[in-house]
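Presented below is the structure to which this report refers.
The values are calculated or read from the model by the stated rules, or taken from the named source; none is laboratory data. As the structure is a prediction and not an experimental result, all values here were calculated from the model. Using ideal geometry, Cβ is built from the backbone for each residue, glycine included, and neighbour counts are taken over all protein chains shown. Side chains are part of the model used for accessible areas, which takes the heavy atoms of the whole protein and leaves out ligands, DNA and RNA. Shrake-Rupley method; radii C 1.70, N 1.55, O 1.52, S 1.80 Å.
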Amino acid sequence: MALTRQTKLALLFVSLWGLFQASFSSGKHFQYMASVERSLSNVETRIALDLPKLKLANPKFRTVAHGASVSYYLRSLNTQLEQMQAPVRVKQLQSVELDSDWDGTRSVLSLQTADQSIPLTAVILTPQWWERLTPLALILAMAFTALGSMVMRRAYKIKQARMPVVEEPEVARLLINLHDKTLGNGLDDAVVKLPNKPFCFYAALVDYCLQQDEPYLNHNKDVPEELLALANKYFSRLIELGHTKRKRPDFSTNLDKTLSEIRTALEEVFHDYVEARDIFYPPKAQGEGSRSKAHNYALEHIHIDRVEILGK
Amino acid sequence: MRINIVIDSKLLLILSVGMTLMAVWLYARTSGGEEIYEIPQLISESVSCDTSAADTNQSSFVTFISSPSMARPLLKKLCENPAINRQFGHVSIQWSHTEQDMIQYVGKGLADLALVKENVMNAFATQSTHGYKVVAFYQDYATYLISLKEKPRIDKQYLWGKRLGLLDYPSSRSGHMVPKRMLADLEMTVDDLEIVYANSHYALRDLLSSGQVDIISSYWQREDEERFSANYRTPIESNVSGSKWYLKMETENTDLFCAVQRSLRDLADSTPSNYYSKLAVPEGCELARNGG
């Protein structure tokens, strides 16, 4: 399924946003791990330096831990860690344990002195999920999507410029030439000259049907006055063009003969263009009886785009 | 040519995205965490102040005590002392719970004034080595065996196998030396009982009230009547000398001696502690009182 340009851009934006966010989250994860390692190292160093001053138990010398002072020390240490935004807290030192509800994983370390091994329990805080999000990913995705849109537009224009111009196939038209009283198809040299009466009647018929939305002409009824007027107008034009000086014919009589001459001429002009002929051909009456009596010889499917009248 | 431009543009875009991804990763990797620096010192063992002579006098009046509870009130009294202001530019109060530090301060004469037990000063002959002299002292007290449910007896048969609570620092008389001397007098060793150590007299009382020991050795104070019965205590030794204030007198600095004594008496008058409010002083400073 072909994707629209908007869909492609939307997919590009979402993909870029995901990529940049994933990159940031990955970097943040490694930064977090480094912070944990650095914090634990600093905690170990600090406690090791303070060991001589801490009242911890020493079985070798039969001394016991002073819970209150060691707890106070651990709380001070954790306050310092919190100020530094370190991802680590100290939960327990030797037997002194703080009551806390930190969310994280425990890590047990050991401080080895000359007299004993002192266990140290730290809590590695679980990072908040929102700490790994960044608006930078959104901004970068928008910027690169805009760039991508420009590249796509440029590629499209170049592609369009390279495509050959496809000309629409020519279709046969009705060419009514008043200058030489001929009918032509506009494609080849096939032209047929008609006598004045059928020529003018046909020109008027074409003109009349182009003006009507649903032209209806019944051969059993009188020719409409509008059609007769148009025929007379075309005859006058022939006189102007010098084709005749004769008396104006009666276009309302011998309709069948007139239409027959017209049909014969059209069959010759559109001999190789049957589809076009059907458009310009006044339909013949089919059958007998009531259906024949209601027959319409108007050009119902004619369109101005396929008609050209020269010398009008 | 134009196709090449399109290919170049796309390639450039892809390369730009790739490089930006790396830059974003590096930015995330390196941003933050700068605040995780070396943890500063957390344990404070001193307070200090400058006297009015700080600009011209660099010498310091050093006081050593074992507990920080009286450090700030004492510092205030000493810093306001006229004789100290004349003779010193700086006053500091140092404290430590360890016996090693106590020995260093008085054994090497590092402290000008120290609140120390008499037996420690005698053990290092500080009176003769650095001229330490008693400027004030607290009253003598008695050492008792204290029990929760009966009156203890001081005899081998009674004490055999008992759980006895003692202090874990050997310089303590009522909590360590006196009861051990008692055991020696009874021809008993520490192995004949179960010794449970604590690091303060308050912790000893907690051990007794929680039933972790049968007897403790300690002094008796008025507050103990709320938790224990005075009928369930047996004296071991009656006149255990209290802690004393020692002033280093390498010269006949009587002005300083009397001035310090006056400050300590003022401190005792204002302290809420029943024991530390009963401060006694040796005679001699009444005649020189107007001089400090």
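Listed values, structure above:
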read-out	value
Scan of the range A:47-67 for residues that are open to solvent by 30 Å² or more (accessible area, probe 1.4 Å) and at the interface with chain B (Cβ under 9 Å from one of its Cβ atoms), ordered by number	A:L49, A:P52, A:K53, A:K55, A:F61, A:R62, A:T63, A:V64, A:H66, A:G67
Candidate set from the range A:126-161 (those that are open to solvent by less than 50 Å² (accessible area, probe 1.4 Å) and outside any helix (DSSP H, G or I)); member that is nearest to the other protein chains (Cβ to nearest Cβ)	A:T134
Complete set of residues in the range A:169-197 that are small (G, A, S) and either open to solvent by less than 20 Å² (accessible area, probe 1.4 Å) or part of a strand (DSSP E or B) (or both)	A:A172, A:G184
Lone qualifier among A:S15, A:S35 - being within 13 Å of chain B (Cβ to nearest Cβ), closer than 30 Å to B:M19 by Cα and crowded, with 18+ Cβ neighbours inside 10 Å	A:S35
Residue within the range A:192-201 that is more than 30 Å from A:K60 (Cβ to Cβ) and among the aliphatic types (A, V, I, L, M) present	yes
Qualifying residue in the range A:100-119 (condition: open to solvent by less than 20 Å² (accessible area, probe 1.4 Å), touching a helix residue (DSSP H, G or I) at 6+ places or on another chain (Cβ under 7 Å) and within 10 Å of another protein chain (Cβ to nearest Cβ))	no
Pick from the range B:17-66, criterion aliphatic (A, V, I, L, M) and more than 7 Å from every other protein chain (Cβ to nearest Cβ), ranking: nearest to B:F137 (Cα to Cα)	B:I65
Output for the range A:286-306, where each listed residue is in contact with a Phe, Trp or Tyr (Cβ under 8 Å, 6 or more places away or on another chain) and either at pLDDT 90 or above or in a loop (DSSP other than H, G, I, E, B) (or both)	A:A298, A:L299, A:I302
Of all residues in the range A:200-237 being touching a strand residue (DSSP E or B) at 6+ places or on another chain (Cβ under 8 Å) and of a type in the set (F, W, Y), the one that is least open to solvent (accessible area, probe 1.4 Å)	A:Y202
Single match in A:D250, A:D278, A:D272 (criterion: under 22 Å from A:E170 (Cα atoms) and open to solvent by less than 100 Å² (accessible area, probe 1.4 Å))	A:D278
Lone unmet requirement of (1) modelled with pLDDT of 95 or more; (2) under 23 Å from B:A123 (Cβ atoms) for B:P170	(1)
Selection within the range B:108-152 - free of Cβ contacts under 8 Å to residues at least 40 places away in the same chain, surrounded by 13 or more Cβ atoms within 10 Å (Cβ to Cβ) and closer than 21 Å to B:P170 by Cβ	B:A123, B:F124
Hits in the range B:208-223 - residues which are in a helix (DSSP H, G or I) and surrounded by fewer than 18 Cβ atoms within 10 Å (Cβ to Cβ)	B:S209, B:R222, B:E223
Single residue of B:S171, B:S147, B:S210, B:S128 found to be within 20 Å of the chain's Cα centre (by Cα) and not β-branched (V, I, T)	B:S171
Tally, over the range A:70-93, of residues that are buried (at least 19 other Cβ atoms within 10 Å of the Cβ) and more than 8 Å from chain B (Cβ to nearest Cβ)	9
Filter result (part of a loop (DSSP other than H, G, I, E, B), out of contact with any strand residue (DSSP E or B) (no Cβ under 7 Å at 6 or more places or on another chain) and open to solvent by less than 40 Å² (accessible area, probe 1.4 Å)) within the range B:230-259	B:S241, B:N253
Flag for B:R262 being of a type in the set (K, R), more than 21 Å from B:E80 (Cα to Cα) and either under 20 Å from the mean Cα position of the chain (by Cα) or assigned to a helix (DSSP H, G or I) (or both)	no
Among the candidates B:S92, B:S48, B:S69, B:S44, residue that is without any contact (Cβ under 8 Å) to a residue 60 or more places away in the chain and part of a loop (DSSP other than H, G, I, E, B)	B:S44
Among the residues listed as B:H97, B:H90, the single one being buried (at least 18 other Cβ atoms within 10 Å of the Cβ), farther than 30 Å from A:G18 by Cβ and modelled with pLDDT under 90	B:H97
Boolean, B:A203 is within 25 Å of A:K60 (Cα to Cα), part of a helix (DSSP H, G or I), within 14 Å of another protein chain (Cβ to nearest Cβ) and of a type in the set (G, A, S)	yes
